[in-house]
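I have placed the structure first, in the form of structure tokens, so that the comments after it can refer back to it.
The values are calculated or read from the model by the stated rules, or taken from the named source; none is laboratory data. It should be emphasised that the depicted structure is a prediction, and the values quoted were computed from it without experimental measurement. Cβ placement follows ideal geometry from the backbone for every residue including glycine, while neighbour counts extend to all protein chains displayed. Only protein heavy atoms, including side chains, enter the accessible area calculation; ligands, DNA and RNA are left aside. Shrake-Rupley method; radii C 1.70, N 1.55, O 1.52, S 1.80 Å.
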Amino acid sequence: MNKPPEIKLADIENPLLEARGIGKTVAGPDGELTLLEAVDFTLAAGESVAITGPSGSGKSTLLGLLAGLDTPTSGEVLLENTAFSQLDEDARALRRGQLCAFVFQHFHLVNDLNALENVMLPLELKGEKDAKGCAQQWLERVGLEHRLKHFPSTLSGGEQQRVALARAFAVQPRLLFADEPTGSLDHANGRRIGELLFELNRETGTALVLVTHDDHLARRCQRQLQLEAGRLSEITVTASVQ
């Protein structure tokens with residue numbers, strides 16, 4: 001059984017990501033609608049956290065706020081002790097690009113680019129000198145060295161998600177946000193992607209924030225948080241499935 005990375009006290013005292021009393025309200029047909037209320041959350045470097053809850057509980061809204069894709073109505077999000085949510089949109093995008101990566105349920109690959117080019121794209125945007133070599137290494141790492149020139153339409157769902165994982169980890173992020181990363185996959189492929197996700201987490205030390213309905217995937221995380229009616233609570237984890 002593989003153990004997750006050890007979280008040191010210094011990492012906990014100086015979290016990589018922190019939400020301080022964040023709330024989100026939007027205008028609804030019958031007045032103001034509260035999506036999130038007084039959410040507090042911390043994530044240490046290298047830590048893995050699952051956010052679970054019923055549909056409509058605010059999971060994707062919370063993920064968007066933590067990633068700086070949206071801003072809270074109240075409270076603040078800090079990234080490496082910087083008031084992330086108070087930056088303007090361009091500054092948040094720059095900071096996010098420096099530290100974060102994403103894996104989505106529906107892969108979000110560029111259809112006109114092959115697997116190699118999809119992984120090369122963010123590396124080229126970051127100015128990586130050997131983007132092709134780095135991308136090829138990561139595709140080999142996820143077992144797709146024989147599919148480098150294949151376009152997304154010719155790849156299975158599991159293969160597309162492996163390309164997405166290679167693309168995310170290739171930029172060496174400090175933090176990876178994953179929104180239902182196994183939600184579009186069958187059971188067997190979902191298990192394989194879960195294995196690969198946590199294997200890469202252990203090897204790279206990248207912190208993970210997973211939004212998931214997959215109980216097996218959630219139980220592999222070091223912590224489990226549950227959202228219900230816009231409020232976040234911690235679930236006591238009695239056993240970790242590795």
Residue list for the range 45-86, restricted to those being of a type in the set (A, V, I, L, M, F, W, C), closer than 18 Å to GLN105 by Cα and in contact with a Leu (Cβ under 7 Å, 6 or more places away or on another chain): VAL49, ALA50, ILE51, LEU62, LEU66
Residue match in the range 106-118 (condition: closer than 27 Å to LEU144 by Cβ, in contact with a Leu (Cβ under 7 Å, 6 or more places away or on another chain) and touching a residue at least 60 places away in the same chain (Cβ under 8 Å)): no
Subset of the range 206-242 (residues that are open to solvent by 50 Å² or more (accessible area, probe 1.4 Å), part of a strand (DSSP E or B) and at pLDDT 90 or above): GLN226, GLU228, ARG231, SER233, GLU234
Residue within the range 148-158 that is buried (at least 19 other Cβ atoms within 10 Å of the Cβ) and β-branched (Val, Ile, Thr) present: no
Qualifying positions in the range 155-173 - under 15 Å from GLU203 (Cβ atoms) and assigned to a helix (DSSP H, G or I): LEU165, ALA166, ALA168, PHE169, ALA170
Residues of the range 53-84 satisfying the condition of being open to solvent by less than 60 Å² (accessible area, probe 1.4 Å), among the charged types (D, E, K, R) and out of contact with any Lys or Arg (no Cβ under 6 Å at 6 or more places or on another chain): LYS59
Single residue of the range 1-21 satisfying the filter (over 19 Å from the mean Cα position of the chain (by Cα) and at pLDDT 90 or above) that is least open to solvent (accessible area, probe 1.4 Å): GLY21
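Would you point out the residue of the range 142-156, among those that are touching a residue at least 40 places away in the same chain (Cβ under 8 Å) and of a type outside the set (S, T, N, Q), that is nearest to ASP186 (Cα to Cα)?
LEU155
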Looking only at the range 103-123, and only at residues there that are outside any loop (DSSP other than H, G, I, E, B) and open to solvent by 50 Å² or more (accessible area, probe 1.4 Å), the one that is farthest from TRP138 (Cα to Cα): PHE104
Selection within the range 174-205 - assigned to a loop (DSSP other than H, G, I, E, B) and open to solvent by 10 Å² or more (accessible area, probe 1.4 Å): ARG174, GLU180, THR182, GLY183, SER184, LEU185, ASP186, GLY205
The range 65-82 residues that are touching a residue at least 40 places away in the same chain (Cβ under 8 Å), paired with ones that are open to solvent by 10 Å² or more (accessible area, probe 1.4 Å) and hydrophobic (A, V, I, L, M, F, W, C) (beta carbon under 6 Å, 6 or more apart): GLU76/ALA83
Answer residue from the range 85-95, given it is free of Cβ contacts under 8 Å to residues at least 60 places away in the same chain and open to solvent by less than 40 Å² (accessible area, probe 1.4 Å) and is nearest to PRO173 (Cα to Cα) among those: ARG92
Flag for GLY97 being part of a helix (DSSP H, G or I) and either at pLDDT below 95 or in contact with a Pro (Cβ under 6 Å, 6 or more places away or on another chain) (or both): yes
